[in-house]
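Working notes, structure below.
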Amino acid sequence: MRQLPAEFFSTPYRFYRELRSAGPVHRIGLPNGVRAWLVVDYDAAKEVLRHPDIRKDPNTAAGAEARHAASGDSGVTSANRRSSYHLLNADPPRHARLRKLVAPAFAPARMAALESRVVSIADELLDRIAAAGAARVDLLEEYAFPLPITVICELLGVPVEDREQFRDWSTAVVDVSMSEPGAMRAATDALVEYFDRLVALRRTRGLGDDLISHMLTASEDGDRLSRDELISMAFLILVAGHETTVNLIGNTVLTLLTDPPRYRALAEDPDSVTPLIEEVLRHNGPVNIATLRYTGAPITLGGTEIPAGELVLVALGSANRDERHFTEPTAFDPGRPANHIAFGHGIHYCLGAGLARLEARIALTRLVARFPGLRLAVDMDELRWRESILIRGLLELPVDPGAGPARPPGAPVASTGTHVLNRIAD
């Protein structure tokens, strides 16, 4: 059994390349003591993501997490069960039922209607950065985090002033590989209690035009979400809805700043942002390893037999760099076809992918228009990555904004979009 090396969080791609050369699936030990099977190549990853005998519902996992944890407590099964009744943890046929009830809230027309508001939020945040006049700014803290969390808070109808508390809770939940089980349980419990109170307020004080109100009234052939399902969906939307986008924005800005001509080119041609974002999703995407799965029956994967009741992790960051599927996978090339699996595959394909792309597109085009001279304020070697097996993202992104023009109210927002980044590529 392999252990994740100490340098995994800063340079996971070296480890993945080594594993891929030895086979598509490997038994590994995680930093929190959990033992699992790690899938590292593209074809095997897609097979797992759509395999009928691979399950997601932790409530039917028969204690699989605890059985495969060295301490007997993985921090997963012990977490509040009321947070687990959402799409991401549902198997057929319940998954189809939940998706049918929730999907209208994420319809393309509804997401497109958000565009002007996202532009306003982005410009307000950039105004603050410009007004501060600082020579060094943490772009994650001042821009990449507040933009998507503000959008999500407004969508859910929760106070934006609670966003810092949400950030703390979310970090404890998604950084499960390093979190103490107690910290994860406490954060999960706190989020569940928060949304429980919010749902009660919606019922007693009236509905609005927010997602929680929509999910309260959503109906399909007389079917509605239960209270626990609604709370779980709000939990998922808050956590997943900003974590992915924060780090997609951060990773994309880092990619651009390591290749200044590309950054300047985006300012001149904002429509090129779409293929650029798609290549960042493949090359250094915000989701490193997909959330936990387990085998509901014995399966054979890449010639390896995996018994029932085993935990399975899909390394999306590895699959998207598989040499057998992508030509020169370590090269950053926005001209390649966008056939990555950064948002998953199969029935669990990310429902919020359209929103993440919209926010990233606007965040990038407004940033380069406002601060064309933006540059890294530290050497690449000084950047630190989050110690999470789930999330691939920086702890901070120090930049020098440079001398930027006044806000360009009419600046275009792109509707659409081979530099080798050696230190990321390794």
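Every read-out reported here was derived from the displayed coordinates using simple, explicitly stated rules and does not represent laboratory data. Keep in mind that this is a model prediction, so the values were computed, not measured. Every residue, glycine among them, receives a Cβ derived from its backbone with ideal geometry; neighbour counts consider all protein chains shown.
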Exercise for the section: Calculate the radius of gyration of the Cα atoms of region 232-347 to one decimal place, then report Dmax, the largest Cα-Cα distance, as a whole number, both in Å. Expected result: 17.0, 54
Problem - Computed helical MRE - 222 nm, the chain, DSSP H runs ≥ 4 contributing -39500 (n - 2.57), nearest 500 - result: -13500 deg cm²/dmol
Handout entry: Peptides ranked, highest mean first, by Cβ atoms within 10 Å: ranges 200-211, 121-132
Key = 121-132, 200-211
Exercise for the section: Note down the magnitude of the dipole of the chain about its Cα centre, charges +1 on Lys and Arg C-beta and -1 on Asp and Glu C-beta and zero elsewhere, to the nearest 20 debye. Expected result: 700
Problem - Inter-centroid distance (Cα atoms) of region 101-166 relative to region 185-201, Å - result: 22
Exercise for the section: Could you work out the local net charge near residue 224, counting Lys and Arg as +1, Asp and Glu as -1, over the other residues with Cβ closer than 13 Å to its Cβ? Expected result: -1
Exercise for the section: For region 99-237, list log₁₀ I(q)/I(0) at each q in 0.10, 0.15, 0.19, 0.20 Å⁻¹, using the Debye formula over Cα point scatterers of equal strength and ignoring solvent, two decimals each. Expected result: -0.42, -0.88, -1.21, -1.27
Completion exercise
Surrounding charge for residue 393, neighbours by C-beta under 12 angstrom, Lys/Arg +1, Asp/Glu -1, total -1
Handout entry: Kirkwood-based Rg to Rh ratio, region 182-286, C-alpha trace
Key = 1.17
Handout entry: Peptide ranges 23-29, 41-47, 313-319 listed from the most packed, as the mean C-beta count within 10 angstrom indicates
Key = 313-319, 41-47, 23-29
Practice task
Mind giving me the FRET efficiency for residue 269 and residue 209? R0 is 51 Å, r the Cβ-Cβ distance, nearest 0.05 is fine.
Solution key: 0.90
Exercise for the section: Bin width 10 Å, alpha-carbon pairs only: give the P(r) of region 304-392 as whole percents, running from 0 to the bin holding the largest distance. Expected result: 11, 27, 42, 15, 4, 1
Handout entry: Whole-number Å³ per residue for the convex hull built on Cα positions in region 292-352
Key = 115
Practice task
For an R0 of 45 angstrom, estimate the FRET efficiency from the Cβ-Cβ distance between residue 160 and residue 27 and round to the nearest 0.05.
Solution key: 0.55
Problem - Rounded Å value of the spacing that divides the Cα centres of region 343-393 and region 240-289 - result: 5
Fill in the blank from the handout: Relative contact order as a percentage, region 192-295, C-alpha pairs under 8 Å and 6+ apart, gives 23
Problem - Local electrostatic count at residue 115 - Lys and Arg +1, Asp and Glu -1, tallied over other residues with Cβ under 13 Å - result: +3
Practice task
Rank by packing, highest mean first: peptides 231-238, 379-386, with packing defined as the count of other Cβ atoms within 10 Å averaged across residues.
Solution key: 231-238, 379-386
